[in-house]
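A quick write-up on the structure given underneath.
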Amino acid sequence: MSADNYMIIDKHPLGGYGAEMGFASDEDQAVVTEKSLRFDTLQEARKYAESQWLEYGYSVEDGLQ
């Protein structure tokens, strides 16, 4: 089994920031939705992503940095 996972951080629909995991082998890209993990600050979302084992790392969507 391949672990081709990555994570995106974007604005959460319920406020704050969300993190969502995706897989490079999946034709659908990861999207932050209401069901995604929610964080009050961008720093908290980054800290969470950095604590996960992600083969392809994480990215912060444009305009949030």
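The values are calculated or read from the model by the stated rules, or taken from the named source; none is laboratory data. Treat the numbers as computed from the prediction; the structure is a model and nothing was measured. Methodologically, a virtual Cβ is constructed for each residue, glycine included, from the backbone with ideal geometry; neighbour enumeration extends over all protein chains shown. Heads up: the accessible areas ignore ligands, DNA and RNA and are worked out on the full protein's heavy atoms, side chains in. Shrake-Rupley method; radii C 1.70, N 1.55, O 1.52, S 1.80 Å.
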Quickly run through the range 21-31 and pick out the residues that are surrounded by 11 or more Cβ atoms within 10 Å (Cβ to Cβ) and either β-branched (V, I, T) or touching an Asp or Glu at 6+ places or on another chain (Cβ under 9 Å) (or both). G22, F23, A24, A30, V31
Quick check on my filter: what residues within the range 49-65 are closer than 15 Å to D10 by Cβ and in a helix (DSSP H, G or I)? A49
Which of the residues belonging to the range 1-20 are open to solvent by 20 Å² or more (accessible area, probe 1.4 Å) and at pLDDT 95 or above? Y6, D10, K11, P13, L14, G15, G16, Y17, E20
Has the range 29-36 got at least one residue that is more than 9 Å from the chain's Cα centre (by Cα), at pLDDT 95 or above and of a type outside the set (S, T, N, Q)? yes
All-but-one check, R46 against (1) exposed (fewer than 11 other Cβ atoms within 10 Å of the Cβ); (2) in contact (Cβ under 8 Å) with a residue 12 or more places away in the chain; (3) basic (K, R), failing number (1)
Of all the residues that make up the range 53-65, how many are open to solvent by 60 Å² or more (accessible area, probe 1.4 Å) and out of contact with any strand residue (DSSP E or B) (no Cβ under 6 Å at 6 or more places or on another chain)? 4
